[in-house]
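Here is the structure we will look at, set down as structure tokens.
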Amino acid sequence: MTAEPVRRRRRGVLPFSPWHLVLVPVTVLFALPLLWLLVSSFMTNAQINRFPPTIIPDSLHLEGYRYVFKNALFPRWFLNSTIASLAVVAGNLIFGVVAGYAFARMRFRGSRLLLAVMLGTLIIPFQITMIPTFLIMKDLGLIDTLGAVIVPSLVTPFAVFLFRQFFLSLPREIEEAAWIDGCSRLRTLWSVVVPMARPALSTVAVLSFLTTWNDLAWPLIAINNDHNYTLQLGLATFQGQHRTQWSAVMAGNLIAVVPVLVAFLAAQRTFIQSLTSSAVKG
Amino acid sequence: MTARPASTGPTRRAFLRQGLGLATATGIGSLLSACGSDDDTTTGTTQDGNVTITMWHGQEDQGKETIDQIVTDFQAKNPKIKVEASSGGVLADSMLQKITTALSAGSYPDIAYIFGPDIANVSRSPKVANLQPYVTKPEVNWNDFYPAARDAVTVDGKVRGFPALVDNLCVAYNKKVFKDAGVPEPTAGWTWDQFVETARKLTNPGKGIFGTGWPAVGDEDCVWRIYPMIWDLGGAIVDASGKKVGFDNDSGLKALQTIHQLGAEKLVYPDTKPGSETMYQIFNSGKMGMVPTGPWQLPDFVDQKTDYGVVPLPSYSGNKVTIAGPDTWTVFDNGSARVKGAVTFLQFLTESTQDVKWATQAGSLPLRQSTANSTEWKQHVAKTAGLDVFSDALSYARTRPTIRTYPRLSQPLGQAIVKMLLNKGTPEDALRQAVQAANDALATG
Amino acid sequence: MMRSRPADLRRLSEAGTAWAYVMPACVIILGLGILPVIWSFILSLQVSDLITPAEWIGFKNYEVISRDPHFRNAVGHTLLYTALFVPLVIAGGLGLALLLNRRIRFIGIYRTLVFVPFVVSATAQGVLFSFIFESHFGVANAVLRWFSIPPQGFFTDEHQALYLLVVIGLWSGVGFCVVVFLAALQDIQQELVEAASLDGAGRWATFRYVVWPALQPVTIFLLVWQTLQALQVFDLVFVTTRGGPLESTTVVVFFVWQQAFEQFNAGYAAAAAYVLAFVLLVLSIGVRFARRRDAETR
């Protein structure tokens, strides 16, 4: 059951594929928070604060959005998060691929141990490691800068691990063909191997981007100045100890979610492999 | 590598320099630190005697605006002291975690907003300033602060910060719900039996109406509400020796029994969502008759256009009793110049003129008696329904002890209260378990 | 032009290249990862509140924790959560990926929307689910009432809360599995599938012999990742129940956080974290043995 070519099912009563009937309810279930964010962001605080809350607002109230945009720093926060997340994606893709390839294809002493130790750094939960990490970041002078958000996540053991797994599963013949043809190791990697690793690349890209984009706990500790807040951190300040600007929180969350989804939708083109794979032929 | 006093700093740095091949890292580091703010929080004084102090106030929205305004006023009068006030990236709830990390790393602000129950532990750090020499100065007028406020910032006889906020617990009630149920509004001097009876009359499962509400997560907002009951019954949070709880007797038992009554008969809405917001939402939606709360909630009632009234807490004995939950501006030691600067600023902040702004705009109560007597405050009180009840209660409100082991006795007590609210088990069992855990905690000192 | 060099030289230069390739990842991961692991272990041997100088007590924390019923419960809750969550999220992710792996109109939108829960922040999810599962006024009980099912306690019921968290965790975590499986499915050579069906293989056989093996790398990755996520779950608990009601949803990492930041008992918290780490280590060694055996028999 892989990607099926478009079938012509003109028999039967439905003018569209019956799969829609299954997919729509399933999708609605998952899309629920998006709908809820959308609807709530157009309500007033008073309407949201009712219990049970209003499900459908009487009209479109923009006070949530106004509060968000009145905040002069909101675009800055958005930019901070974007830069940080993209930097983390780049780091993981570049360094992860290279390291993963080395683990998969090259023999060097201690490689097994090294990989095990790398993965081993994940066994202690963040709630404890955040303090020594804070200490290190402070010694590097990165506290209260975007660097503190980027550097600890620049390469994760997961990225290295996933790329290694993936490269291991690729047939060696292609690489050896390129090697014999005179390609250097690096060139083989970048022009031959990497294009075959699309699932792994997209997985790591998505994971790296989202973990940084949605991270609240670490920026909470590492950032002090409100010019350096990430988006989630900034949104968190809308929730007061006793009073929360709910419509602004909803609007802000929507603004945080929508670009990611749009990018994801657009990027689907790169996920969809063409029906003929150009790399392996006969 | 043991705990992190500053002296291990250079060793760690040397280790990192070699171990990381730091050419790369410093390159990245300096590049990335350029992306951030240029504020330098490590040096305090510049050559010409200017001092820069950092303050993590943990406030947002109105509170933040008020502080920003006060900072501007202060800097106009004190050009040599620059105040960098920000929320610090956290709101007051998460401040403790951040300050703990900051203290262990040796990189902390000059002033931070620390909750009352937390200051006893935070001030065990040698990096918390001792303000004793400063507060005895006449211009500070220390005794003008309410006793509850003063007690909250004093740990082991030493003053560690300035009072930031005072509040207390009174009962707010929804007039419409009372009217619809045909129940007469409560009055001062009422008893807990009357409270339960009123809740019984107001509770209407058919209409989904609860008599009252109580936070049921087991956190501090859940626990502090039981103390007025315990105090009124002659108990104490910690006994005279400080090694055992003071409610291991009828005071604790009767209090839990009252709560158990409310829970067993489903007269109380147990708010299991962290943040205690849901029960106020229910109150404002006319589905709850009355709820013990603090003055911070009044602006919310006004926003939601709830027709509310406020009466003091009920009691068992007929005496006036309630609890105050003061918060503090804790001062940290980044060098004597900065401590002095911080004290000067806090003095300004808590002076009557500023205190009244803070109290009226940020929803606090006056920290000082002189503020309470000022015309501005009196006018504000006249405008806001119910605020006078809170304001008057300041004179008899008591506070929790500032002891280090407080969090460890509060947690088991919170679980006991939640058991009662959810009707799981008997008051006797719940009390026994809570007392045992709390005594164990106190014994470890 | 053949590259022919003496074998030793080649291996040496290969090792050199390998180290060069691995160095950046090494520097970041080990530099920033090893220190915290060591620091945490040292902390677990002390009595510390992070604020005052710590006291050495050796393995006493571990002794106490082995007798602590709260911690034992926390471990139990964590293992239960993991045992339920991991298989369901992988199976669910695969099922949905197979469902979404077809070219019909709007498929891109369907795929994107299934991914929504993974993108929404934990805080927003916490608010949403607290509202839906609120036992008196929430939507869930309203729906149940419609089907004449009595109202459930959900987050106020200590027997239901953990299972509810599994459900919410599944709902928000399955999207990532879907994306990963989808990407892997798309990558499967169309020729192989066609060849299999030409050979007379039915749907199930095609799946078993063509598709499933091709999914091995991502499946293993997802298994590892989701297990780690489940064993270290924190955010979900923090925003919905704070470990309650009555500590029924206190998982190990929440226990760790409470001990470190509410009870000022950081040494004890570190010991708890290390016990969890030990469990993880045992699990991973077991997996490694299983896989090595598997690889050797291939």
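Nothing charged except the Cβ atoms of Lys and Arg (+1) and of Asp and Glu (-1): what's the magnitude of the dipole of region C:59-297 about its Cα centre? Round to the nearest 20 debye.
In total the dipole reaches around 320 debye.
When the convex hull of the C-alpha atoms of the protein assembly as shown is computed, what volume per residue in Å³ does it have?
Taking the convex hull of the Cα positions in the protein assembly as shown, it is 183 Å³ per residue.
Quick one: which residues, 5 or more positions from B:L267 or on another chain, have an amide H under 5 Å from its amide H? H modelled 1.01 Å from N in the peptide plane, none for Pro or chain starts.
Answer set, sorted by chain and number: none.
Give me the percent relative contact order of region A:67-271, please, defined on Cα pairs under 8 angstrom at least 6 residues apart.
Relative contact order for region A:67-271 comes out at 35 percent.
Can you put B:I114, B:I119, C:I285 in order, fewest other beta carbons within 10 Å first?
By the 10 Å Cβ count, ascending: C:I285, B:I119, B:I114.
Only four residue types carry charge here, +1 at the Cβ of Lys and Arg and -1 at the Cβ of Asp and Glu. Report the dipole size of the protein assembly as shown about the Cα centre in Debye, rounded to the nearest 20.
Using Cβ point charges on Lys, Arg, Asp and Glu, the protein assembly as shown gives about 3280 debye.
For region A:186-197, what does the Karplus curve 6.51 cos²θ - 1.76 cosθ + 1.60, with θ = phi - 60°, yield as ³J(HN,Hα) per residue in whole Hz, taken in order and with x for Gly and Pro?
5, 5, 4, 4, 6, 9, 10, 6, 4, x, 7, 9
At R0 = 30 Å, how high is the FRET efficiency between B:T191 and B:A240 if r is their beta carbon distance? Nearest 0.05 is fine.
About 0.60, to the nearest 0.05.
Any idea how far apart B:K77 and B:R432 come out in nm if each label point goes 7 Å out from Cα toward Cβ?
For B:K77 paired with B:R432, the spin-label model returns 6.0 nm.
Using only Cα atoms, locate the centre of region C:193-209 and the centre of region A:105-126, then give the distance between them in Å, rounded to an integer.
Region C:193-209 and region A:105-126 have Cα centres separated by 38 Å.
Based only on Cα atoms, what Rg/Rh ratio does chain B have, Rh being taken as Kirkwood's radius?
A ratio of 1.01.
Just want the answer: with Cβ charges of +1 for Lys and Arg and -1 for Asp and Glu, which residue in C:G76, C:A91, C:N141 is farthest toward the dipole's positive end in chain C?
Going by the charge dipole, the pick is C:A91.
When A:W179, B:W192 are ordered from fewest to most other Cβ atoms inside 10 Å of their Cβ, what list results?
A:W179, B:W192
Using only the alpha-carbon atoms, what does region C:1-139 span along each of its principal axes? Please give whole angstrom values in decreasing order.
77, 64, 27
In percent, how large is the relative contact order of chain B, given Cα pairs closer than 8 Å and 6 or more residues apart?
Computed value for chain B: 23 percent relative contact order.
Classify chain A as rounded, prolate or oblate from the Cα gyration tensor: take a ≥ b ≥ c as the square roots of its eigenvalues, call it rounded if a/c is under 1.5, otherwise prolate when a/b beats b/c and oblate if not.
Oblate, because a/c is 1.5 or more while a/b does not exceed b/c.
Quick check on chain B: helices-only [θ] at 222 nm, where DSSP H runs of length 4 and up contribute -39,500 (n - 2.57) each and the sum goes over total residues. Nearest 500, please.
-13500 deg cm²/dmol
To the nearest 500 deg cm²/dmol, what mean residue ellipticity at 222 nm is calculated for chain A from DSSP H runs of n ≥ 4 alone, each contributing -39,500 (n - 2.57), summed and divided by the residues?
-19500 deg cm²/dmol
What is the order of B:D68, B:D110, fewest Cβ neighbours within 10 Å to most?
The fewest-first ordering by Cβ neighbours comes to B:D68, B:D110.
What is the magnitude of the charge dipole of region A:67-271 about its Cα centre, with +1 placed on the Cβ of each Lys and Arg, -1 on the Cβ of each Asp and Glu, and no other charges, expressed in debye to the nearest 20?
240
Can you list which of the DSSP-assigned H helices in chain B have a Cα extent of 18 Å or more along the long axis and an average Kyte-Doolittle score of at least -1.0?
The qualifying helices are B:61-77, B:250-264, B:336-350, B:406-421, B:427-443.
Quick one: angle between helix A:74-105 and the longest Cα principal axis of chain A, in degrees between 0 and 90, rounded to 10, please.
20
Once amide H atoms are placed 1.01 Å from N in the peptide plane, what residues at a sequence separation of 5 or more from B:I209, or on another chain, have their amide H within under 5 Å of its amide H?
B:N204
Can you check what the net charge comes to around B:G341, using other residues whose Cβ is under 9 Å from the Cβ of B:G341 (Lys, Arg +1; Asp, Glu -1)?
It works out to a net charge of +3.
Just list whichever of B:K127/B:K357; B:K175/B:K207; B:K127/B:K243; B:K64/B:K98 have alpha carbons separated by over 23 Å in the model shown.
Checking Cα-Cα distances, B:K127/B:K357; B:K127/B:K243 exceed 23 Å.
Rounded, prolate or oblate, given the Cα gyration tensor of chain C, with a/c below 1.5 counting as rounded?
oblate
For B:E84, which sequence-distant residues (separation of 5 or more, or a different chain) have an amide H within less than 5 Å of its own amide H, given hydrogens modelled in the peptide plane?
The list, which skips near neighbours in sequence, is B:I53, B:T54, B:M55.
Values in this text are rule-based calculations from the coordinates and carry no lab data. None of the values given here were measured: they were computed from a predicted structure. Here the Cβ is made from the backbone with ideal geometry for all residues, glycine too, and neighbour counts use every protein chain on show.
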